[in-house]
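A quick write-up on the structure given underneath.
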Amino acid sequence: MRKRTVAFVAAAMGVTLTLTACGANSDSGSGGSSSSNSSSGSGGGANGKVGVILPETATSARWEAFDKPYLEQALKAKGFDADVQNAQGDVQKFTTLADGMIAQGVKVLVIASINSEVGSAVAAKAKTAGIPTIDYDRLNLGGGSDYYVSFDNEKVGALQGQGLADALKDKKGAQVIEIEGAPTDNNATLFYNGQQSVLKAKYASGDLKLVRSQPIDDWDNQKGGSTFENILTANGGKVDGVVAANDGLAGAVITVLKKNGLAGKVPVTGQDATADGLMAILRGEQYMSVFKPIKEEAENAANLAAALAKGDKAGADAIATAVSKDPKGNRTVKSVLLQPQLTTKDSVKKVVDEGYVKASEICGGDLAAACAQLGIK
């Protein structure tokens with residue numbers, strides 16, 4: 001195992017998450033920076049303007065296809081003018097967008113950061129300007145936001161680990177390759193922790209055999225595919241199961257499996273219940289994904305923003321009833337942590353029925369019969 005992988009694993013073990021309460025999906029979406037319902041000045045909504053900065057679109061289309069419209073809708077319902085922008089993976093652009101929103105005097109700044117460093121720096125600037133911040137989807141380690149809205153990300157990883165274990169339960173000693181997310185993303189660490197809460201014992205008992213675990217910088221799907229191919233080649237072309245941290249990486253892995261005549265024979269995990277991921281599940285090329293109802297995440301962020309804009313700390317605390325630990329900042333952060341859901345072939349219909357993906361996006365061509373059999377209309 002390479003030095004970087006060991007460092008990632010060590011870091012993963014240092015992050016914990018404590019719940020005190022419970023609690024993407026289409027792969028189609030527009031690129032580029034986005035701004036909607038915004039105007040110059042302090043905002044056109046009755047309650048002013050809320051700024052939102054999303055991280056990118058290159059590795060996951062959820063930010064533009066789901067988070068953006070749901071956040072706009074939820075903030076508008078609370079009487080805010082929503083200025084939703086996307087930094088497209090550019091740290092400097094993220095900072096510039098934040099500077100502009102702070103200068104405009106937004107009432108609240110919602111941050112889905114590229115990494116903890118830029119997110120923490122933006123939160124510090126906003127605090128100096130008297131603007132409260134909410135960490136959205138990703139907790140900024142060492143940051144200063146008082147509130148955090150996301151999913152129970154260790155649970156996401158546990159669902160991935162359990163899904164793979166279930167798929168390989170009849171194959172003693174099955175060889176597993178793990179393709180993880182970016183080591184700079186705290187969520188990737190939490191996903192890994194959750195996976196290991198299931199898989200570590202399986203590796204120790206010999207039920208499963210870990211070939212290699214490798215984080216992928218920037219969640220880069222192309223890097224993920226080439227890294228997986230190199231690991232597979234070094235292992236003599238043998239693999240029985242793959243932990244892929246999201247649907248994008250799963251798709252890259254499946255492309256390599258197809259080249260080697262292994263697609264559909266090797267269970268692959270995923271996350272976000274994207275249209276591409278769901279189609280891969282329907283084809284039998286991907287075993288499972290994790291469905292995260294992003295609308296609920298956006299609505300909770302808007303509820304928190306409304307309380308913070310009024311200076312209603314008690315109201316905000318009543319919404320954020322869970323606690324997340326930030327080991328880098330040696331602090332706890334009041335959180336809303338929603339519950340993810342395991343999605344296999346038999347539960348794809350639920351994602352469609354709840355409106356996160358349209359049947360027309362996933363049921364065309366060779367998948368028409370599979371959708372009909374599952375009652376997906």
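Name the residues in the stretch 331-345 that are open to solvent by 70 Å² or more (accessible area, probe 1.4 Å) and either within 16 Å of the chain's Cα centre (by Cα) or modelled with pLDDT under 95 (or both), would you?
Initial filter on the stretch 331-345 (open to solvent by 70 Å² or more (accessible area, probe 1.4 Å)): 332, 334, 342, 345.
Answer for the stretch 331-345, where residues must be open to solvent by 70 Å² or more (accessible area, probe 1.4 Å) and either within 16 Å of the chain's Cα centre (by Cα) or modelled with pLDDT under 95 (or both): just LEU342.
Quickly run through the stretch 290-306 and pick out the residues that are in a helix (DSSP H, G or I) and either crowded, with 22+ Cβ neighbours inside 10 Å or more than 25 Å from the chain's Cα centre (by Cα) (or both). It would help to see each step written out before you state the result.
Restricting attention to the stretch 290-306, the residues satisfying the condition of being in a helix (DSSP H, G or I) are 294-306.
Answer for the stretch 290-306, where residues must be in a helix (DSSP H, G or I) and either crowded, with 22+ Cβ neighbours inside 10 Å or more than 25 Å from the chain's Cα centre (by Cα) (or both): ILE294, GLU297, ALA298, ASN300, ALA301, ALA302, LEU304, ALA305, ALA306.
So for the stretch 10-20 (the condition being open to solvent by less than 40 Å² (accessible area, probe 1.4 Å), at pLDDT below 95 and assigned to a loop (DSSP other than H, G, I, E, B)), does at least one residue qualify? First the steps, then the outcome.
Our first condition is that a residue be open to solvent by less than 40 Å² (accessible area, probe 1.4 Å); within the stretch 10-20, this holds for 12, 15, 17.
Checking which are at pLDDT below 95 leaves us with 12, 15, 17.
Remaining after also requiring assigned to a loop (DSSP other than H, G, I, E, B): 15.
Yes, the stretch 10-20 has at least one match.
Exactly one condition in (1) more than 30 Å from CYS371 (Cα to Cα); (2) at pLDDT 95 or above; (3) in a helix (DSSP H, G or I); (4) open to solvent by 40 Å² or more (accessible area, probe 1.4 Å) is not met by ASP218; state its number.
Of (1) more than 30 Å from CYS371 (Cα to Cα); (2) at pLDDT 95 or above; (3) in a helix (DSSP H, G or I); (4) open to solvent by 40 Å² or more (accessible area, probe 1.4 Å), only one is false for ASP218: (2).
Among the residues of the stretch 308-329, count how many are open to solvent by 10 Å² or more (accessible area, probe 1.4 Å) and either of a type in the set (Gly, Ala, Ser) or modelled with pLDDT under 95 (or both). Step through it out loud before you land on a result.
Just the residues of the stretch 308-329 that are open to solvent by 10 Å² or more (accessible area, probe 1.4 Å), to begin with: 308-315, 317-319, 321, 323, 325, 327-329.
Checking which are either of a type in the set (Gly, Ala, Ser) or modelled with pLDDT under 95 (or both) leaves us with 309, 311, 314-315, 318, 325, 327-329.
So the count comes out to 9.
Do you know which residues across the stretch 98-112 are outside any loop (DSSP other than H, G, I, E, B) and over 22 Å from the mean Cα position of the chain (by Cα)?
The first filter runs over the stretch 98-112 and keeps only residues outside any loop (DSSP other than H, G, I, E, B), leaving 98-104, 108-111.
ASP99, GLY100, MET101, ILE102, ALA103, GLN104, VAL108, listed by residue number.
Only one of (1) within 30 Å of THR255 (Cβ to Cβ); (2) outside any helix (DSSP H, G or I); (3) open to solvent by less than 10 Å² (accessible area, probe 1.4 Å) is not met by TYR287, so which one is it?
(3)
Quick check on my filter: what residues within the stretch 118-160 are of a type in the set (Lys, Arg) and under 19 Å from SER324 (Cβ atoms)? First the steps, then the outcome.
First pass over the stretch 118-160, keeping only residues of a type in the set (Lys, Arg): 125, 127, 138, 155.
Passing the criteria: LYS127, ARG138, LYS155.
The values are calculated or read from the model by the stated rules, or taken from the named source; none is laboratory data. Source: prediction; values computed, not measured. Glycine also receives a Cβ, built like all others from the backbone with ideal geometry; neighbour counts cover every protein chain displayed. With ligands, DNA and RNA removed, areas are computed over all heavy atoms of the protein, side chains included. Shrake-Rupley method; radii C 1.70, N 1.55, O 1.52, S 1.80 Å.
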